[in-house]
Amino acid sequence: MSYRDKTYSTMKLTFEDQIAIVRFDRPEAMNAANVDMSYERVEIYRHLSEDDTVKVIIITGGDKVYCAGGDLAAFSKFNRSEAQKFINRGVEYQKLLMDMPKPTIAAIAGYAYGGGMENVLLCDLRIAADNAKFALPEIGVGIFPGGGATQRLVQNIPIAKAKEMIFFGKPIEAKEAYHLGIVNKVVEPEQLMEEARAWAKRLLRLSPLSLRSAKKAINNAWNQDIYGGMQQEADLWAELFDSHDQKEGMNAFLEKRYPEFRGN
């Protein structure tokens, strides 16, 4: 059975043309992540990374909650070994989403707490409804954020502010998240998915190959010194001159017409 036809217990997956919509789907638990979700999201993102018919991914939740973080009812029963296995699957899922070779858009309404906020930080573009709230409250239950926040939040906001959010766990509103640079845009709740789809359709008009190369270059800015990053950027840029999309894009510009990109 194709992953497209599979029914998942904690996630919902739908497709609209070349757009995949991944939705947290545990409303009875505020979309909190449990062991089943830890397996299902790895499977989903691995398939999406390999599916050439999908060009853009939107990740969302419910109208009142995006994802409330980890399921403490499950976590409270973990011993150290079980916790290590769970978080290792989390690292696997983070790598798949962070390195996804196509753009990802988070569409956030309601609570994005703990692992929910960490999921947002993995996405390339982030649109929040004005009822969205962001927090990393794990310190209050005797742990700390283990889904990448200690690494990625400091790539998004000043380190002192990141420590404040992680140490105190205090929620911030959507507008503050916007001013800090955590999200790109804030809209009314009823406009959230409409805006996310509009951004996705804008991305569909661009070269998938150029987007993939640009994303790789940007992400690698965090993994090496400036000189190595500059050289990799130059190499990725030059590689595009072997592609149909580069020739089509430049010829279309010179011929004053819209380009028809193929992703090769």
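The values are calculated or read from the model by the stated rules, or taken from the named source; none is laboratory data. Being a predicted model, the structure only gives us computed values, none of them experimental. Here Cβ is always computed from backbone atoms with ideal geometry, including for glycine, and neighbour counts include all displayed protein chains.
A few points about this structure:
- Yes/no for Lys55 being surrounded by fewer than 15 Cβ atoms within 10 Å (Cβ to Cβ) and either more than 17 Å from Arg41 (Cα to Cα) or basic (Lys, Arg) (or both): no
- Some residue of the range 131-153 being among the hydrophobic types (A, V, I, L, M, F, W, C), assigned to a helix (DSSP H, G or I) and buried (at least 17 other Cβ atoms within 10 Å of the Cβ): yes
- Exactly one residue out of Asn264, Asn219, Asn156 is buried (at least 16 other Cβ atoms within 10 Å of the Cβ) and polar (S, T, N, Q), and it is Asn156.
- Conditions (1) in contact (Cβ under 8 Å) with a residue 40 or more places away in the chain; (2) under 25 Å from Ala83 (Cβ atoms); number of the one not met by Ala162: (1)
- Extreme residue, farthest from Gly70 (Cα to Cα), among residues of the range 34-50 that are of a type in the set (S, T, N, Q) and surrounded by fewer than 20 Cβ atoms within 10 Å (Cβ to Cβ): Ser49
- Selection status of Phe168, modelled with pLDDT of 95 or more, loosely packed, with under 15 Cβ neighbours inside 10 Å and touching a helix residue (DSSP H, G or I) at 6+ places or on another chain (Cβ under 6 Å): no
- Taken over the range 12-33, the criterion of being in contact with a strand residue (DSSP E or B) (Cβ under 7 Å, 6 or more places away or on another chain), under 11 Å from Cys67 (Cα atoms) and buried (at least 20 other Cβ atoms within 10 Å of the Cβ) is satisfied by Phe24, Met30, Asn31, Ala32, Ala33.
- For the range 16-52, a residue qualifies if it is closer than 18 Å to Ala106 by Cβ and aromatic (Phe, Trp, Tyr), and the qualifying residues are Phe24, Tyr45.
- Unique residue being crowded, with 17+ Cβ neighbours inside 10 Å, among the aliphatic types (A, V, I, L, M) and touching a Pro at 6+ places or on another chain (Cβ under 8 Å) when the list is Leu203, Leu209: Leu203
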